[in-house]
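Visitor: First, the structure itself, so that you have it in front of you.
Every number in this text was worked out from the coordinates using simple rules, so none of it is lab data. Predicted model only: the values in this text are computed from it and were never measured. Because the Cβ atoms are built from the backbone with ideal geometry, glycine has one as well, and the counts that use them run over all protein chains shown.
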Amino acid sequence: MKDERHSLPPHQHQYSYKHSSRLFLFKLFNSTVFYVLLLLLSYLLGYLSAVTRPIVQQLPTRPIVQQLPTRPIVQQLPSSQSSATTKAIFQSLPTQLDNLHVTTVCAKQLPSELVRETILDKVYDGTSPFINFPPAHVATLLRGKSIKGWGSNGAVFEHLVKKMKPKVIIEVGTFLGASALHMAQLTHKLGLDSVILCIDDFRGWPGFRDRFKFIKMVNGDVLLLYQFMQNVVAMNATETVLPVPFSSGSGLQKLCEWGVLGDMIEIDAGHDFNSAWADINRAYRILRPGGVIFGHDYFSAADNRGVRRAVNLFGQLNGLKIQTDGQHWVIYS
Ligand SMILES: C[S@@+](CC[C@H](N)C(=O)[O-])C[C@H]1O[C@@H](n2cnc3c(N)ncnc32)[C@H](O)[C@@H]1O
């Protein structure tokens, strides 16, 4: 049979082609498949535009610090865990000591009878700072004796000195020497040949001279160290008490490097959390085994944000019992 399409004239061929294309488009626009395809295509375009967006737009807009847990890690531990387990967990983590960038191992303990001499060598070129004291340029600016402190004669000092019979006492935060000189008196009374190292930058704190106006200043150098030394001279304690005039961080670090360990360490420098926390952690490393570390202001107004919080956290992380004696906290190693 003859195919009719092949027998059509050329113009009718063209007409038939156009007609069938329109028909095809009409059917296409009216079919469900077309709309499904359109939908898929729009999804595809959306996906492609998302993955090609610059990376910076995908970064979180809030600073990372806001995403850190607000509660200290220690609170997330199950309460049933024993202190030994807690201690083991924290020792296996990058610990608070790592965060403070302090070395964890101190030099071998120096015999206590070498401690004074070692400090004289390392800090004072081998000569006692009390020789030829006071220097002429400050002599007239000092009071013969002016000793003021805070809880510096508390019963805790006598309790601990009697109990520990310390050969080496380290005080972190000395000011005019009230607590250091009180401890010197107690050790003398017991006939102990103790050395008391006083770590303090002897700068006080901003504005402290509003309350202690008698402490003079020479060219911006506040005479706190000199007045403290004058008090030591007045109390006849120059063979016992020795200033270590550095910041608590560097002073404690050096004692650790030199192997100077304390039988008793008193913490009474900065009272904000960070200062107390750093001082306690650094000082504990130079506490001889069986020694005692203690400090003032466990119950002061800002204690839960400062000293007490640091002490409690330290005790908790290290599985140590905290005792109190008046306003003081006490931890035995
Ligand atoms: C509260 S007073 C010490 C009082 C003293 N223990 C007493 O009972 O008389 C605090 C002392 O800590 C010192 N101090 C504070 N922060 C210090 C730091 N980071 N390094 C060294 N000394 C610091 C101050 O200079 C000040 O003399």
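Visitor: Within 10 Å of each residue's Cβ, count the other Cβ atoms and sort Thr140, Thr118 from fewest upward.
Guide: Fewest-to-most ranking of Thr140, Thr118: Thr140, Thr118.
Visitor: With 25 Å as the limit, write out which pairs from Lys254/Lys321; Lys162/Lys216; Lys165/Lys321; Lys122/Lys321; Lys122/Lys213; Lys148/Lys216 have Cα-Cα distances beyond it, or answer none.
Guide: Pairs exceeding 25 Å: Lys254/Lys321; Lys162/Lys216; Lys122/Lys321; Lys122/Lys213.
Visitor: Looking at the stretch 167-216, which trypsin sites (Lys or Arg not before Pro) are DSSP coil and have at most 11 other C-beta atoms within 10 Å of their C-beta?
Guide: Filter output for the stretch 167-216: Arg211, Lys213.
Visitor: Could you check what % of the DSSP bridge pairs in the stretch 230-333 are antiparallel, to the nearest 5?
Guide: The antiparallel proportion sits near 60 percent.
Visitor: While we're here: What ranking do Thr238, Thr174, Thr187 get, fewest neighbouring Cβ atoms within 10 angstrom at the top?
Guide: Ascending Cβ contact count within 10 Å gives the list Thr238, Thr187, Thr174.
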